[in-house]
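Everything on this sheet refers to the single structure shown next.
The values are calculated or read from the model by the stated rules, or taken from the named source; none is laboratory data. Computed from a predicted structure; not experimentally measured. For neighbour counting, all protein chains shown are included, and Cβ atoms are generated from backbone atoms with ideal geometry for every residue, glycine included.
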Amino acid sequence: MDRLVIKGGNPLKGEVTISGAKNAALPIMFATLLLSKKTILHNVPDLKDISTAKKLLEILGCGIKYYPEKKICVVEPPEFPELEAPYNLVRTMRASILCLGPLLAKRKSARVALPGGCAIGSRPVDLHLKALKKMGAEIEVVEGYIEARCDRLKGAHITFDFPTVGGTENILMAATLAKGETILENAAREPEIVDLANFLNKCGAKIKGHGTAVISIKGVEALSGTTYSVISDRIEAGTYMVAAAITRGEVYLKNVPICAMDAVFEKLREMGVFIEVLDNDKVKVIGDDSIQCVDIITQPYPGFPTDMQAQFMALMCTANGTGIIKETIFENRFMQAVELMRLGADIKIAGDTAIVRGGRKLKGAPVMASDLRASAALVLAGLAAQGTTIVRRIYHLDRGYEYMEKKLSALGAHILREKDD
Ligand code: EPZ
């Protein structure tokens, strides 16, 4: 296992380039199972989750090559994909459930390990399964595996109880090869879903309404292949904007998906962080000691993203005043709070609400990462804290942030990766 050793107190200065979006690349990679021709994906970030998805696609029969230096992934989809996504892989990455829809659509059968929960919540997939049953799939859970089979999936009118991101992606993919039209209501509207739909349409799918709460998919007989560039990562961009603010620095971000970040820009500006959009994908961010705490409620897109909640909690520990954070998406997403308190933060948790009393001078200490965004929050707090912060179990971080310590060092942070015995 590795750890990060951070000597805090340096205001970050300079330019950072945002990588491709993990949460767009993953569904798009699984969507290649639907295709009949080779596909070339650009701007695919070099992350642990991407290599896990690559391993799973190989097990399912894809010929797949990833070139980390060029961020290119080349996929040769199999005519008849294998049917089983094994537990030993699925348990390391819950997004593996996204192979279920494509396998059912392409092979009319699938055996996918039921993803367990994770640190942030129980993460059920009941909405995925209910929707696939409406499309004609017979599904049962046997010894921890989802066993699904169907004749050809048929179009259905589906209304989700909750705008589930993964559920929307699974049904979107499954419906591309179904017989007839599928209407998906209360669909998730995240930019990563729009990217997946744009990719599938480039391969010959007939998807409309993506990015709104009502998506229609007219089934086709086959999908070809294409060349496609994945969108940039709005959560990575938000994380580096917070890094600039929490260290009171001045940072230029490149490749920022600005149109996907309204809620994050809004909240940072409400705190008093200076943000200037320099052209269509470049942003200048300056932080100073005048920043104020704000209230945050996490919501499905286009509301404030739950994936930015932990990072804002860290920022508010060092801002003036008091802020209230309400986490409405996941039932256990305040794991960073107790670790931030080890650095001197003043946070009270009451159910789905956290009260953050700011104005604190954080002091470095050893802390433990628990999940992807909580680990990012601990790194951010370490950058601001006086003294040395050691963040352990940073394999969580490596799942979703490309070369984070290198990007931060280039901005003037004093941060080293070490082996953790
Ligand atoms: C996606 O997870 C993202 N992961 C998450 O990012 C993100 O936090 C989440 O969407 C919300 O935006 C990827 O895209 C790979 P959901 P997903 O289905 O699809 C409940 C990160 O940090 N629910 O929208 O799992 C569920 O329990 C990760 O990059 C059901 O109850 O999110 C949760 O409370 C973390 N039944 C809520 O909905 C279901 O069938 C949101 O889940 C499905 C979901």
- request: Sort out which residues of the range 205-225 are within 16 Å of the ligand (Cβ to nearest atom) and either touching a Leu at 6+ places or on another chain (Cβ under 6 Å) or part of a strand (DSSP E or B) (or both), and write them in order of number.
  value: HIS210, ILE215
field: Leading residue by the ranking (farthest from the ligand (Cβ to nearest atom)) among those in the range 359-376 that are over 19 Å from ASP420 (Cβ atoms) and surrounded by 23 or more Cβ atoms within 10 Å (Cβ to Cβ)
entry: LEU362
message: Name the residue that is farthest from GLU236 (Cα to Cα), counting only residues in the range 301-358 that are of a type in the set (D, E, K, R) and either part of a loop (DSSP other than H, G, I, E, B) or within 12 Å of the ligand (Cβ to nearest atom) (or both).
response: ASP352
- prompt: What's the number of the condition GLY321 fails, among (1) in contact with a Ser or Thr (Cβ under 8 Å, 6 or more places away or on another chain); (2) surrounded by fewer than 15 Cβ atoms within 10 Å (Cβ to Cβ); (3) under 30 Å from GLY14 (Cβ atoms)?
  reply: (1)
query: Is there a residue being closer than 20 Å to CYS317 by Cβ, within 16 Å of the ligand (Cβ to nearest atom) and part of a loop (DSSP other than H, G, I, E, B) anywhere in the range 402-417?
result: no
- request: Please work out if VAL285 is outside any helix (DSSP H, G or I), buried (at least 17 other Cβ atoms within 10 Å of the Cβ) and touching a residue at least 40 places away in the same chain (Cβ under 8 Å).
  value: yes
task: State whether one or more residues within the range 165-183 are in a loop (DSSP other than H, G, I, E, B) and within 15 Å of the ligand (Cβ to nearest atom).
output: no
message: With the requirement that a residue be buried (at least 24 other Cβ atoms within 10 Å of the Cβ) and either away from the ligand (no atom under 15 Å from the Cβ) or in a loop (DSSP other than H, G, I, E, B) (or both), what does the range 191-204 give you?
response: LEU200
task: Can you confirm whether the range 4-18 contains a residue that is within 16 Å of the ligand (Cβ to nearest atom), at negative phi and buried (at least 23 other Cβ atoms within 10 Å of the Cβ)?
output: yes
statement: In the set THR322, THR328, the lone residue that is over 21 Å from ALA245 (Cβ atoms), hydroxyl-bearing (Ser, Thr, Tyr) and at pLDDT 95 or above is THR328
Pair list, Cβ < 6 Å and 6+ apart or interchain, from the range 120-136 residues that are within 14 Å of LEU172 (Cα to Cα) to residues that are near the ligand (Cβ under 6 Å from one of its atoms): LEU127/THR164; LEU127/GLY167; HIS128/GLY167
query: Here are VAL75, VAL90, VAL141: which of them is surrounded by fewer than 17 Cβ atoms within 10 Å (Cβ to Cβ) and either on the phi < 0 side of the Ramachandran plot or in contact with a strand residue (DSSP E or B) (Cβ under 9 Å, 6 or more places away or on another chain) (or both)?
result: VAL141
- request: Please find, within the range 86-135, the residue that is farthest from the chain's Cα centre (by Cα) out of those that are away from the ligand (no atom under 12 Å from the Cβ) and among the β-branched types (Val, Ile, Thr).
  value: VAL112
Pairs with Cβ under 6 Å, 6+ apart, first in the range 17-28 and under 15 Å from THR52 (Cα atoms), second crowded, with 24+ Cβ neighbours inside 10 Å and among the small types (Gly, Ala, Ser): LYS22/GLY400; LEU26/ALA53
statement: Checked ARG342, ARG333, ARG360 against criteria (modelled with pLDDT under 95 and closer than 27 Å to ILE415 by Cα); the one match is ARG360
- prompt: From LYS282, LYS326, which residue is over 19 Å from the mean Cα position of the chain (by Cα) and under 24 Å from CYS118 (Cβ atoms)?
  reply: LYS326
- request: Would you please name the residue that is surrounded by the fewest Cβ atoms within 10 Å (Cβ to Cβ), looking only at residues in the range 225-271 that are out of contact with any helix residue (DSSP H, G or I) (no Cβ under 9 Å at 6 or more places or on another chain) and small (Gly, Ala, Ser)?
  value: SER229
